[in-house]
Amino acid sequence: MDVVLKSLTQHSSEILLFLLIVILALTIIVMRLTRLQARAASRWQTLLPDGRGENLETLLYDHLRERMKIEQELETLRARALDLETRLAESKRHLGLVRYDAFDDVRGNQSFAMAFYDDQGNGAVLNSIVGRADCRVYCKPLLNHRSERDLSQEEQRAIREAKATGPKTIISQ
């Protein structure tokens, strides 16, 4: 024991300097932790001003109500989108139009063939033939892009035009 005491007394200045550095480091750490704790406490004070957590509970309930409302609206929008997709597949949205001269003595591409159908190819082909003295309109049904009646070249071109993707043009012969 005497050896330890003798060693301590011989190196007391170094030990005291080491202890002062440790105390200084611990003081800095304690000050930093106090500042962090004060910042965290001020944040919690915003959420819990009365100390009982009622404000936080109100915020959570409000958030839950808002989330449930948004989920309900989202489900409504999903149902509407599904309904619109179903309607869109059944709508006659494919359109092809071909203008042409039906007779040599009638110019100006007054006659036309127009095909319109849905995604499954169900629809119709209209053909308007304009002559000098009269105009005739024919309508032929389409099932799966085909007609039970014979189609003219212009009607077939109108169906091909309706199948084509991208912007549509009015084709003239």
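The values are calculated or read from the model by the stated rules, or taken from the named source; none is laboratory data. In this text the structure is predicted, and so the values were computed from the model without any measurement. Here the Cβ is made from the backbone with ideal geometry for all residues, glycine too, and neighbour counts use every protein chain on show.
Filtering Tyr117, Tyr61, Tyr100 for residues that are of a type outside the set (D, E, K, R) and in contact with a His (Cβ under 8 Å, 6 or more places away or on another chain) leaves a single hit, Tyr117.
Would you mind listing the strands (runs of 3 or more DSSP E) fully within the stretch 66-173 where at least 2 residues are touching a Leu at 6+ places or on another chain (Cβ under 7 Å) and surrounded by fewer than 18 Cβ atoms within 10 Å (Cβ to Cβ)?
Counting at least 2 such residues, we get 135-142.
Taking the conditions (1) assigned by TED's automatic domain parsing to the domain that holds Ser152; (2) under 37 Å from the mean Cα position of the chain (by Cα); (3) among the acidic types (Asp, Glu) in turn, Asp104 satisfies each one other than (2). If the condition is being at pLDDT 85 or above and β-branched (Val, Ile, Thr), then the stretch 144-173 contributes only Ile159. For Ala124, the conditions (1) under 18 Å from Leu151 (Cα atoms); (2) more than 38 Å from the chain's Cα centre (by Cα) are fulfilled apart from (2).
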